[in-house]
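The values are calculated or read from the model by the stated rules, or taken from the named source; none is laboratory data. If you're wondering where the values come from, they're calculated on a predicted model, not measured in any experiment. Reconstructed Cβ throughout: ideal geometry from the backbone, glycine too, with neighbour counts over all protein chains shown. Ligands, DNA and RNA are excluded from the accessible area calculation, which covers all protein heavy atoms including side chains. Shrake-Rupley method; radii C 1.70, N 1.55, O 1.52, S 1.80 Å.
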Amino acid sequence: MKKRVIAALLALVMVLALAACGGGSSSGESASSGGDGAVAITIFNSKMEIQSQMEEMAERYSAEKGVDVEVYYSSDTVAAHLSTRYAANDPYTISMVDAKDVYSLAAEHAVDLSDQDWVNDTTQAISIGGKVYGFPVCVEARGIIYNADAIEAATGSAFDPTAIQTTEDFQALIDACIAGGMEAPTGVMKEDWSLGAHFLAEVYEQQDDPDAFIAGIKDGSISLIDDAKFNALMDTFDVLKDNNYAKDSAISAEREVTEQKLAEGELAFMFGGNWDWSVINAYDYTENMGIMPVPNDSGDGSSDKLVGGGSKYFFIDSSDNTSAEQVQAAKDFLNWLVYDEEGQDFVVNECALVPAFSNITLAVADPLGASVKSYADTGAMIGNYNYLPDDHYAKVGASFQKYLAGQTDRAGFADEVTAYWATAEVGEH
């Protein structure tokens, strides 16, 4: 009771203070209006590589549509950043988040978008309890990025990525590249997110039931070091690691240097995703590049599929801080991305993203995105596991870095991952 009285008194003091200074708006305009009286919406962008494109788009969109749009970016984790905004009662109108954030935030903070037309034009929207909350910004996938020109120059033979099915196939091709004069055909990104959130995550994602697999690691009924999928993928990782151009200083290798070497043909292979094009295209890249699945000896068809799906999702704020006019303006913006030619062009050409909507037929310009779209169009994708804890990539990524640096062996790495899951919990879903 005492706390409620204090809170009420504080609220009264704030109201009186605002009244004394004119309520923060001498023109009497509501928070949902811009300086010219137009509806104003804010967009949180969590995809750093398209921030400049988002800002330029917002300026054009504002001028053409009569809606004031402001785009913001933060390098903080999505959950931490948004929690500060909600605590301050200052949410964004539209927030770009990861899939796991939709599951944790939507019930309390997001507008139900089930009645929107675009729901029928995508398989990647996120639904919870029969309601659609997450608008898929794009499709992303990961696998082995290859430089076909470099491979063919070294081996003297045409390169067919679909022919590389097993770890032995992969090793044989790397040996052929070395025999043809390529000193070290692979690059390995040392970043914890690449190792922990992307490569190790495939061990979970390629299981028949990722939830049951993780539960088994937690309760001890599954031994990670004895798991066939873990060992199959780690065998392939060892091929990457052992043929890494930075093998002797793997933890010092800079991402930009690695991607430049891949782009210019000094390397043939690097594990990554189509988002890497934002780095690769800054260099003098060769013409024929793409992404292929991670070859492995599981014999379960995973060597024919990329791992991926919807990546980054928009949701619209449902709080009292967002007016009905703002909600409608936000819905209009999402529809513009899907159905307007200029919106489609923004997604595909300006941002170089792979669209998540079947009605968008624009050709994806970059070769990595084109690879992803070809797998997505044929259904040859293994879905992302979107429920890993926020600290997963940092903690198991650090353990993976020790393995990459030769500071622990595979059994030691498996032990550290198992120890992590002893106390960690997957996200809501």
Members of the range 155-208 found to be in a loop (DSSP other than H, G, I, E, B) and within 25 Å of the chain's Cα centre (by Cα), listed by number: 188, 189, 190, 191, 200, 206, 207, 208
Residue in the range 19-39 that is in a loop (DSSP other than H, G, I, E, B), at pLDDT 95 or above and within 25 Å of residue 332 (Cβ to Cβ) present: no
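In the range 356-384, what residues are closer than 19 Å to residue 195 by Cβ and either assigned to a strand (DSSP E or B) or open to solvent by less than 20 Å² (accessible area, probe 1.4 Å) (or both)? Before the answer, list the steps.
Restricting attention to the range 356-384, the residues satisfying the condition of being closer than 19 Å to residue 195 by Cβ are 382, 384.
The one that is closer than 19 Å to residue 195 by Cβ and either assigned to a strand (DSSP E or B) or open to solvent by less than 20 Å² (accessible area, probe 1.4 Å) (or both): 382.
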Qualifying residue in the range 296-310 (condition: at pLDDT below 95 and within 30 Å of residue 87 (Cβ to Cβ)): yes
All positions within the range 90-114 that are among the aromatic types (Phe, Trp, Tyr) and open to solvent by less than 20 Å² (accessible area, probe 1.4 Å): 92
Matching residues in the range 329-340 - criterion: being touching a residue at least 24 places away in the same chain (Cβ under 8 Å) and open to solvent by 20 Å² or more (accessible area, probe 1.4 Å): 331, 332, 335, 339
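Name the residue that is farthest from the chain's Cα centre (by Cα), counting only residues in the range 69-79 that are in contact (Cβ under 8 Å) with a residue 24 or more places away in the chain and surrounded by fewer than 21 Cβ atoms within 10 Å (Cβ to Cβ). Quick ask: steps written out before the conclusion?
Pass one, the range 69-79, residues in contact (Cβ under 8 Å) with a residue 24 or more places away in the chain: 69-75, 77-79.
Keeping just the survivors that are surrounded by fewer than 21 Cβ atoms within 10 Å (Cβ to Cβ) gives 70, 72-75, 77-79.
Working: 70: 22, 72: 18, 73: 15, 74: 15, 75: 14, 77: 13, 78: 12, 79: 14 Å.
Looking at the filtered set, the residue picked out is 70.
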Search result, residues across the range 341-353 that are among the charged types (D, E, K, R) and surrounded by 15 or more Cβ atoms within 10 Å (Cβ to Cβ): 350
Strands (runs of 3 or more DSSP E) within the range 50-132 that include 2 or more residues among the charged types (D, E, K, R): 68-73
Complete set of residues in the range 80-89 that are surrounded by 12 or more Cβ atoms within 10 Å (Cβ to Cβ) and either at positive phi or among the charged types (D, E, K, R) (or both): 85
Pairs where the first residue, in the range 253-277, is more than 15 Å from residue 293 (Cα to Cα) and in contact (Cβ under 8 Å) with a residue 40 or more places away in the chain and the second is hydroxyl-bearing (Ser, Thr, Tyr) and open to solvent by less than 20 Å² (accessible area, probe 1.4 Å), C-beta under 7 Å, 6+ apart: 267/186
Failed item, numbered, when residue 416 is tested on (1) more than 30 Å from residue 68 (Cβ to Cβ); (2) open to solvent by 30 Å² or more (accessible area, probe 1.4 Å); (3) not in a helix (DSSP H, G or I): (3)
Top-ranked residue of the range 131-150 - restricted to ones that are buried (at least 24 other Cβ atoms within 10 Å of the Cβ) and of a type in the set (Val, Ile, Thr), ranked as nearest to residue 295 (Cα to Cα): 145
The range 221-249: number of residues that are touching a residue at least 24 places away in the same chain (Cβ under 8 Å), over 15 Å from residue 421 (Cβ atoms) and not polar (S, T, N, Q): 13
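Okay, residues lined up against (1) aromatic (Phe, Trp, Tyr); (2) open to solvent by 10 Å² or more (accessible area, probe 1.4 Å):
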{"position": "163", "(1), (2)": "no, yes"}
{"position": "177", "(1), (2)": "no, no"}
{"position": "199", "(1), (2)": "yes, no"}
{"position": "204", "(1), (2)": "yes, no"}
{"position": "209", "(1), (2)": "no, yes"}
{"position": "216", "(1), (2)": "no, no"}
{"position": "227", "(1), (2)": "no, yes"}
{"position": "243", "(1), (2)": "no, yes"}
{"position": "247", "(1), (2)": "no, yes"}
Filtered residues of the range 391-405 (kept if in contact (Cβ under 8 Å) with a residue 60 or more places away in the chain and surrounded by fewer than 17 Cβ atoms within 10 Å (Cβ to Cβ)): 394, 398, 405
Tally, over the range 42-72, of residues that are touching a helix residue (DSSP H, G or I) at 6+ places or on another chain (Cβ under 6 Å) and within 19 Å of residue 134 (Cα to Cα): 3
